[in-house]
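What follows is a set of notes on a single structure, which appears directly below.
The values are calculated or read from the model by the stated rules, or taken from the named source; none is laboratory data. Since this is a predicted model, take the numbers as computed values, not measurements. Please note: Cβ atoms are built from the backbone with ideal geometry, for glycine as well, and neighbour counts cover all protein chains shown.
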Amino acid sequence: MDISGAEIRAISYLSHDEFMMHNYDLGLDPYIEFSKLDDPSLTPDQHRARRADFKKILLSTIYGMGIDMLASDIEKTVPEAIALRDKLFERLVQVKQIIDQKGEYCEEHHGRCESILGDVLMMGYEPDRWRRLGY
């Protein structure tokens, strides 16, 4: 079942992220629009190809994937993956703030994770992983 990127839409609306909201309001794909901003010299097909990388970066950060696994998943080196992630979050400032707040909550509440929708779940990880949300 495809729910049209509900988790990304939810975090975008909850954070009032200007970039994401602007693109959703215009009916544009925010990942493709980010690719256009990042490298305007690419063709439309190249932007569509990069879409998956930016989507994976955002989702992996929300769900706590480490940078090594992310780099492998998007077929980049670790420094390249870090650079792309950092560029994305320079644009998605409000989304990044929500992700950071959720990480702080988990650490401060001894492994309990507050989901984007407010549910509280117990994480089965060691304390040194509580705060990490892909960083």
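Some points to look at:
- Qualifying residue in segment 38-60 (condition: in contact with a Gly (Cβ under 8 Å, 6 or more places away or on another chain) and of a type outside the set (D, E, K, R)): yes
- Candidates K56, K96, K76 - the one that is under 29 Å from M21 (Cβ atoms), modelled with pLDDT of 80 or more, charged (D, E, K, R) and outside any helix (DSSP H, G or I): K76
- Segment 51-77, residues that are without any contact (Cβ under 8 Å) to a residue 12 or more places away in the chain and either of a type in the set (S, T, N, Q) or crowded, with 17+ Cβ neighbours inside 10 Å (or both): A71, S72, T77
- Enumeration of residues in segment 15-32 that are more than 14 Å from the chain's Cα centre (by Cα) and either part of a helix (DSSP H, G or I) or touching a residue at least 12 places away in the same chain (Cβ under 8 Å) (or both): H16, E18, M21, H22, N23, Y24, D25, D29, I32
- Residues that are surrounded by 14 or more Cβ atoms within 10 Å (Cβ to Cβ), of a type outside the set (F, W, Y) and under 28 Å from M122 (Cβ atoms) occur at least once in segment 14-25.
- Breaking point among (1) of a type in the set (K, R); (2) part of a loop (DSSP other than H, G, I, E, B); (3) within 18 Å of G5 (Cβ to Cβ), for R51: (2)
- Flag for G64 being in contact with a Ser or Thr (Cβ under 9 Å, 6 or more places away or on another chain), at pLDDT below 90, assigned to a loop (DSSP other than H, G, I, E, B) and on the phi > 0 side of the Ramachandran plot: no
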